[in-house]
Amino acid sequence: MPNRPARIAVIGAGPAGFYATGHLLDAEAAIEVDLFDRLPTPWGLVRAGVAPDHPKIKAVSKVFEKIAAKPGFRMFGNIEIGRDISHTQLLEHYDAIIYAYGAQTDRRMDIPGEDLVGSIPATAFVAWYNGHPDFYNLDPDLQVDRAVVIGNGNVAVDVARMLVLAPEELAPTDTGDHAIEQFAKSTINDVVIAGRRGPLQAAYTNPELLELGELQIADVIIDPAEAALDALSQADFAEASQPDQRNVETVLAYAQRSRTTKPRTVTMRYLLSPLEIRGDGRVEEIVMVRNRLERTDDGSIRSVATDQTETIPCGLVLRSVGYRGLPVEGVSFDEKRCVIPHAEGRALDAAGQPVPGVYCTGWIKRGPSGVIGTNKKDAFETAGALLEDLAAGRLHDPLSPTIKAIDALVSDHRPEAIEYGHWQSIDAHERALGDPHGRPRIKLCSWDELLAKR
């Protein structure tokens, strides 16, 4: 290694990218990190994915602010690696690259009618109400009677809850003003959450599930027959994790509740999978098939369709069946799992060998699983591997690793790129807007508004 700081590019300014950056900048080695993101705003899903009524979770951004204040940190926003600057060009200027850009798109259900008006990926809906500039103009029609959410994870529970929050529950949050206006006009009185497996196999966490029972204007409705475990789940219950057991106990408790006078409901359904979305130009109903559970050869449980179907009238369908990562040209990619193949965070080539100086962390490394804290351990593993390789002289040897050369690369290929100070101006402006109203911030939600603060 020449007598200079090691220059690292981290691609993606969400939790995984920030945690990796912090670990590198805390190392005893001389390291400088440039953090890139396609948005003008950092924090990834902390800003654009965490439910707005979960301010304690969003408070992790204070950790990221401290990382950004460390010597050796720089950020370039409004620049997309793979579009504006290539992987090959980065390698010319950096000793190592850590890809931490997450899983940006949704998985499809691949059923007829999936693209009807009123059928929306939950990822897009979440981004819309969180003020992501790409989805500012999504404009979902909430003036319908019923919404059906496909999926049984935390995102499904989040979007269902957001659809039935009272105005006073939304008021103190950083939900985008455009979305608050739409929620205020909503006529949705029932949200159905449909999962393909049973209560024991559901992917949501117990805190999320319990929140549904505390809504001001909505009851949780569960048919006792659907809450009851099938024979296979009963056999697995005793050996299940405590969180999974608590989920089942919570579902059974909800099933015993009586309906109150609250005007809205969240109806939780199990062992149902979508077959078809129907409507004349827009969503009018969804056809579901009843499933049964069976054990596979490896001992796991899977859902299998029966010949029983039912049709649920609805005007909105939100699919929450998973996120998927996208490839960057020049970086190996597992098309089946939609991740970068790796060994302890070291990116692998097509032959399964580590690529010098190329790493990954977060969802693009392990797939869309875990909570924000999961990314910390994940990022530390990747950063630790990089530090090992730095000490052993195994990093990439760039041609032009100077700050002057990197700045020229950015200005030549993306003159509209912005630096961390731009985000600080946005942040201060949003906080100032929100303060008189008792809100953490009022977000700038369009590209024009965000870039005008440059």
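Quick note: the coordinates plus some simple rules give every number you see, no bench work behind them. All values derive from a computational prediction rather than experimental measurement. A quick note on method: Cβ atoms are made from the backbone with ideal geometry, for glycine too, and the neighbour counts reach across all protein chains shown.
For the reader, a short list of remarks on this structure follows.
- Charge tally in the Cβ shell below 9 Å around Gly12, where Lys, Arg are +1 and Asp, Glu are -1, Gly12 excluded: 0
- Kirkwood analysis of region 107-322, using all unique Cα-Cα pairs, places the hydrodynamic radius at 17.8 Å.
- In order along region 101-108, the phi-based Karplus estimate (6.51 cos²θ - 1.76 cosθ + 1.60, θ = phi - 60°) of 3J(HN,Hα) comes to 8, x, 10, 8, 10, 9, 8, 8 Hz; Gly and Pro are listed as x.
- The HN-Hα couplings worked out from phi for region 81-92 by the Karplus form 6.51 cos²θ - 1.76 cosθ + 1.60 (θ = phi - 60°) are 6, x, 10, 8, 10, 8, 4, 4, 5, 4, 4, 6 Hz, whole numbers, x standing for Gly and Pro.
- For the residue pairs Lys62/Lys262; Lys58/Lys404; Lys185/Lys365; Lys66/Lys404; Lys62/Lys365; Lys404/Lys443, the alpha carbons lie more than 31 Å apart in Lys62/Lys262; Lys58/Lys404; Lys185/Lys365; Lys404/Lys443.
- Net charge of neighbours whose Cβ lies under 13 Å from the Cβ of Thr250, counting Lys and Arg as +1 and Asp and Glu as -1: -3
- The packing ranking, built from the mean of other Cβ atoms within 10 Å per residue, places the peptides 94-103, 369-378, 125-134 in the order 94-103, 125-134, 369-378, highest first.
- Packing, as the average of other Cβ atoms within 10 Å across residues, places the peptides 41-53, 413-425 in the order 41-53, 413-425, highest first.
- Of the GluC sites (Glu not before Pro) in region 236-328, those whose Cβ has at most 13 other Cβ within 10 Å and which sit in DSSP loop: Glu239
- Count Lys and Arg as plus one, Asp and Glu as minus one, and take only other residues whose Cβ is under 12 Å from that of Phe76; the net charge is then -4.
- Long-range HN-HN contacts of Glu285 with modeled amide H, under 5 Å: Arg278, Cys314
- Trypsin sites (Lys or Arg not before Pro) restricted to DSSP loop in region 290-339 with at most 11 other C-beta within 10 Å: Lys336
- Per-pair calculated FRET efficiency, R0 = 25 Å: Leu433 and Thr261 via Cβ, rounded to 0.05: 0.10
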